[in-house]
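Engineer: Pasting in a structure now, in structure tokens, and then I'll have a few things to ask.
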Amino acid sequence: MRIAISGLTGVGKTTVAEIVAEKLNVAHITFSMKFMAEKMNISLIELQDLAKKDHNIDKKFDEIQLKEMERVKDFVISTWLGPWLAKPELSVWLKTDNLIRFERISKRENMSLQKAKEYVLRKDEQNMDRYMTIYNIDIAEHSMFDLELDTTELTPEQVADIIIKEYNKKR
């Protein structure tokens, strides 16, 4: 079983994937550049600036994910490129209102709403540009997804239940 959950910054990919994985009793694979930046003791934006200049950063990051997917048979992956990398049985795109994304990041990163807005928009733009340049993947193109969910009015548990129901229909 392979379920890939993707979406822009702050849509709830990780939160929802954790719930889905727990309910299905499978591994949750989550790698983020945020964790990589923390290990390097730099900000995420600094790491993304470096990755813009050095495409090997993204390639190494994705190689780690691919190795983990080979190691684990059944999983839910929550990452931007998961649907392209994981060859999932179900690929899901999450979206939500931008203000909600900004509020979530403001709270999570302990920054003002304005700073969170700037951060989210910059991060989204940098990721989209890099993935197009490196892999020729257009993150804004969603036709390959099995399910596209607007999470604006839904709880993470409701989103997880919809994903599980859709997965069970495909089995």
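The values are calculated or read from the model by the stated rules, or taken from the named source; none is laboratory data. Just so we're clear, the structure is a prediction, and the values are computed from it rather than from any experiment. Cβ placement follows ideal geometry from the backbone for every residue including glycine, while neighbour counts extend to all protein chains displayed. What goes into the accessible areas is simple: the full protein's heavy atoms, side chains included, and nothing from ligands, DNA or RNA. Shrake-Rupley method; radii C 1.70, N 1.55, O 1.52, S 1.80 Å.
Engineer: Determine the dipole magnitude for the chain: charges of +1 sit on the beta-carbon of Lys and Arg, -1 on that of Asp and Glu, nothing else is charged, the reference point is the Cα centre, and the result goes in debye to the nearest 20. Before the final figure, lay out the partial values.
Structural biologist: Details: 27 positive and 29 negative charges, 66 e Å.
It works out to roughly 320 debye.
Engineer: Roughly how many Å² is the accessible area per residue of region 84-171, as a whole number, for a 1.4 Å probe?
Structural biologist: Values: 5240 Å² over 88 residues.
Counting only protein heavy atoms, the per-residue value for region 84-171 is 60 Å².
Engineer: Can you spot the lysines whose alpha carbon is less than 28 Å from Lys123's alpha carbon? Ignore those fewer than 8 places along the same chain.
Structural biologist: Lys13, Lys34, Lys39, Lys52, Lys53, Lys59, Lys60, Lys67, Lys87, Lys95, Lys107, Lys115
Engineer: Let me ask another. Around Thr96, which amide H atoms from residues at least 5 apart in sequence, or from another chain, sit under 5 Å from its own amide H, with H modelled in the peptide plane?
Structural biologist: It is Thr151, by chain and number.
Engineer: On the Cα set of region 42-115, report Rg and Dmax in Å, please.
Structural biologist: 15.4, 41
Engineer: By its C-alpha gyration tensor, with a ≥ b ≥ c as the square roots of the eigenvalues, how is region 112-171 shaped: rounded for a/c under 1.5, else prolate for a/b larger than b/c, else oblate?
Structural biologist: In terms of gyration-tensor shape, oblate.
Engineer: Something else now. Through the Karplus equation 6.51 cos²θ - 1.76 cosθ + 1.60, θ set to phi - 60°, convert the phi angles of region 64-74 into ³J(HN,Hα) values in whole Hz; use x for Gly and Pro.
Structural biologist: Result, ordered by residue: 4, 5, 4, 5, 5, 5, 5, 6, 9, 6, 10 Hz.
Engineer: Could you point to the residue in Ile139, Met36, Trp93 farthest towards the positive end of the chain's charge dipole, with +1 and -1 charges on the Cβ of Lys/Arg and Asp/Glu respectively?
Structural biologist: It is Met36.
Engineer: Place a point 7 Å from Cα of Lys165 in the direction of its Cβ. Which residues in region 10-36 have their backbone N less than 16 Å from it?
Structural biologist: Hits in region 10-36 for Lys165 at 16 Å: 20.
Engineer: Considering only Asn56, Leu113, Val16, whose Cα is most displaced toward the positive end of the charge dipole of the chain, charges sitting on Cβ of Lys, Arg (+1) and Asp, Glu (-1)?
Structural biologist: Of the candidates, Asn56 comes out farthest on the positive side.
Engineer: Would you calculate, for the chain, the mean residue ellipticity at 222 nm contributed by helices, counting each DSSP H stretch of 4 or more residues as -39,500 (n - 2.57) and dividing by all residues, to the nearest 500? Intermediate values should be presented prior to the final figure.
Structural biologist: Values: 8 runs with 100 residues, N = 171.
For the chain, the value works out to -18500 deg cm²/dmol.
Engineer: Please list, in order along region 132-149, the HN-Hα scalar couplings obtained from phi with the Karplus expression 6.51 cos²θ - 1.76 cosθ + 1.60 (θ = phi - 60°), rounded to whole Hz, x for Gly and Pro.
Structural biologist: 6, 5, 7, 10, 6, 9, 9, 4, 7, 8, 10, 5, 7, 7, 6, 8, 10, 10
Engineer: According to the Kirkwood expression over distinct Cα-Cα pairs, how big is the hydrodynamic radius of region 66-171, in Å? Please list the in-between numbers first.
Structural biologist: Details: mean 1/r = 0.0642 Å⁻¹.
The Cα-based Kirkwood calculation yields 15.6 Å.
Engineer: What order do Met111, Met69 take when sorted by accessible area (1.4 Å probe), most exposed first? Walk me through the numbers on the way to the answer.
Structural biologist: On the way: Met111 40, Met69 5 Å².
Largest accessible area first, the list is Met111, Met69.
Engineer: Which whole number in µm²/s is D for region 1-150 by Stokes-Einstein, with the Kirkwood Rh taken over Cα pairs at 4 °C and 1.567 mPa s?
Structural biologist: On the way: Rh = 15.8 Å.
My calculation gives 82 µm²/s for D.
Engineer: If you don't mind, another one. So what is the accessible area of region 1-72 per residue, in Å², with the probe set to 1.4 Å?
Structural biologist: Numbers: 3830 Å² over 72 residues.
Computed with neighbouring chains in place, this is 53 Å² per residue.
Engineer: Right, another one. With all protein chains present, how much of the accessible area of region 62-171 (probe radius 1.4 Å) comes from carbon and sulfur, to the nearest whole percent?
Structural biologist: On the way: 2970 of 6270 Å².
Of all accessible area on region 62-171, carbon and sulfur atoms account for 47 percent.
Engineer: Using θ = phi - 60° and the Karplus curve 6.51 cos²θ - 1.76 cosθ + 1.60, what whole-Hz ³J(HN,Hα) does each residue of region 110-115 get, with Gly and Pro shown as x?
Structural biologist: For region 110-115, the Karplus curve yields 6, 9, 5, 4, 5, 5 Hz.
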